[in-house]
Amino acid sequence: MDGVSFLIVKCRNLTRTTSMRSLTTILTGTTFLITTVLFVACENKRDAIPNADPTFSIHRGTNIAHWLSQSDRRGEERAAFFTKKDIQLIDSAGFDHIRLPIDEEQMWQEDETRYEDAFKLLQECMKWCEESGLRVILDLHILRSHHFNEQEKRLWNDPGEQDKLIRLWKDLSKAIGHWPNSMVAYEFMNEPVADEAEQWNQLLLRVSDSIRTWEPERFLVIGSNRWQSVNTFDELRIPPNDRRIILSFHFYEPFHLTHFQASWTRLKDFQGEVNYPGQIVINGQSEEERRSYNLDSLEKMMEKPLRIADSLKLPLYCGEFGVIYKSPLKAKLAWYSDIVTIFEKHKVAYANWNYKAGSFGIVDEKMKPDSALIPILVGGQ
């Protein structure tokens with residue numbers, strides 16, 4: 001993977017011994033000195049990929065969902081939901097970046113005037129990340145004209161909405177474009193779902209070309225049509241001769257496990273017993289439920305993005321993966337362990353979905369960390 005921008009951390013043993021102790025340090029309000037020293041030592045032991053461009057290096061991250069995206073919180077409640085203490089906890093746990101989803105309706109009024117309080121929170125978050133040495137992938141998650149789970153998506157049929165998408169990114173660039181390329185990358189659209197892959201390919205080329213006129217050196221994160229699925233990755237048309245591209249996919253397979261009884265899915269009333277590794281549903285009746293999964297089968301499912309990223313010599317990123325809290329703990333932890341093993345083997349950077357509360361959180365609303373899961377995500381097991 002020469003000519004790419006990732007530096008892969010090779011100091012798991014050091015991180016492993018500090019992560020949970022550092023979480024405790026934050027939660028008790030004591031000094032961060034030991035954590036900081038160890039973190040710097042770990043940074044100094046990074047092994048660069050040959051000919052790597054060091055301007056944007058990521059390895060392990062987490063999504064900051066339900067703050068500036070997919071949330072009804074506003075005002076003081078929104079400001080209190082995610083603070084500098086959260087960034088410090090994320091840093092101390094051993095993560096090196098965050099993926100920060102934002103929604104159009106949270107950041108801009110209908111006439112595209114900014115909600116200044118939301119932009120203030122965004123700027124504050126950038127400052128916290130800079131102070132902690134965390135990188136940021138800024139993800140425009142939901143548009144008024146496009147929600148990945150809605151039937152009607154005006155974005156694909158209304159040229160005016162496509163023009164608006166470009167204007168929104170121009171405004172974002174004005175607001176945060178002063179942050180260095182080494183710290184911030186742009187994911188200009190999350191999980192596109194167009195009727196035809198070429199609809200997305202044409203739009204992404206237009207948006208990326210526009211951003212390049214303002215910020216020619218910024219790294220751009222791009223995934224394929226239909227929820228950034230591994231299955232559609234070979235349909236993605238990537239901007240030619242652009243080395244500052246990070247290819248992205250999302251991974252939530254097998255769905256019976258990752259979205260077990262999720263209220264917004266077809267599994268909301270599912271009463272079977274799920275399992276991993278092995279046959280996904282104990283006593284499953286359908287062909288889908290009888291299917292077996294393990295590390296090898298999951299790795300095979302990722303073949304398209306792995307092969308294409310390698311052939312293009314571009315970095316690969318899994319921007320979302322996770323298991324809902326309702327799934328059996330043993331199966332859940334086994335799945336996470338196998339997924340991280342695959343990512344490490346193929347040098348895929350990643351960010352779990354998600355950080356705080358919700359159905360997939362790794363800390364709860366009282367900032368209590370998941371002591372079984374976090375070490376797996378940061379390479380402790």
Sum of -39500 (n - 2.57) over DSSP H runs of 4+, divided by residues of the chain (222 nm, nearest 500) = -12000 deg cm²/dmol
Once every Cα of the range 105-253 carries one equal point scatterer and solvent is ignored, give the base-10 log of I(q)/I(0) from the Debye formula at q = 0.10, 0.20 Å⁻¹, two decimals.
-> -0.34, -1.40
Provide the three semi-axes, in whole Å and in decreasing order, of the ellipsoid equivalent to the range 211-354 as defined by the square roots of 5 times the Cα gyration tensor eigenvalues.
-> 32, 15, 13
With Cα springs under 10 Å, the Gaussian network model of the chain assigns the largest mean-square fluctuation among Ile98, Ile166, Ile90 to Ile166
Identify all lysines with a Cα-Cα distance to Lys85 below 19 Å; exclude those on the same chain that are fewer than 8 residues away in sequence.
-> Lys120, Lys127, Lys356, Lys366, Lys368
In the range 255-270, which residues have a backbone nitrogen under 19 Å from the label point lying 7 Å from Glu365's Cα in the Cα-to-Cβ direction?
-> 263
Subtracting the Cα-Cα distance from 0.36 nm times the residue separation, let me have the gained length for Leu205 to Ser297 in nm, one decimal.
-> 29.8 nm
May I ask you to compute the full-extension gain from Arg167 to Lys84, defined as 0.36 nm times their residue separation minus their alpha-carbon distance, rounded to one decimal in nm?
-> 26.9 nm
Whole number please: convex hull volume per residue of the Cα set in the chain, in Å³?
-> 136 Å³
Listing Asp269, Asp103 by rising number of other beta-carbon atoms within 10 angstrom, fewest first, gives Asp269, Asp103
Hydrodynamic radius (Kirkwood) for the range 49-132, which is based on Cα pairs only, to one decimal in Å | 14.1 Å
For an R0 of 25 angstrom, estimate the FRET efficiency from the Cβ-Cβ distance between Thr341 and Phe255 and round to the nearest 0.05.
-> 0.75
Could you list the GluC sites (Glu not before Pro) in the range 310-381 that lie in coil according to DSSP, counting only those with at most 16 other Cβ atoms within 10 Å of their Cβ?
-> Glu365
State the Kirkwood hydrodynamic radius of the range 291-376 in Å, one decimal place, computed from all pairs of distinct Cα atoms.
-> 14.0 Å
Which FRET efficiency value, to the nearest 0.05, is calculated for Arg243 and Gln271 with the Förster distance at 41 angstrom and r the Cβ-Cβ distance?
-> 0.25
Pseudo-spin-label distance Glu152 to Ala175, built 7 Å along Cα→Cβ, given in nm, is 2.7 nm
If the cut-off is 19 Å between C-alpha atoms, which lysines fall inside it for Lys300, apart from same-chain ones fewer than 8 positions away?
-> Lys345, Lys347
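Bear in mind that the values in this text are calculations on the coordinates, not laboratory data. A quick note: this is a predicted structure, and the numbers were derived from the prediction, not measured. Quick reminder, even Gly has a Cβ in these numbers, built from the backbone with ideal geometry, and neighbours come from all protein chains shown.
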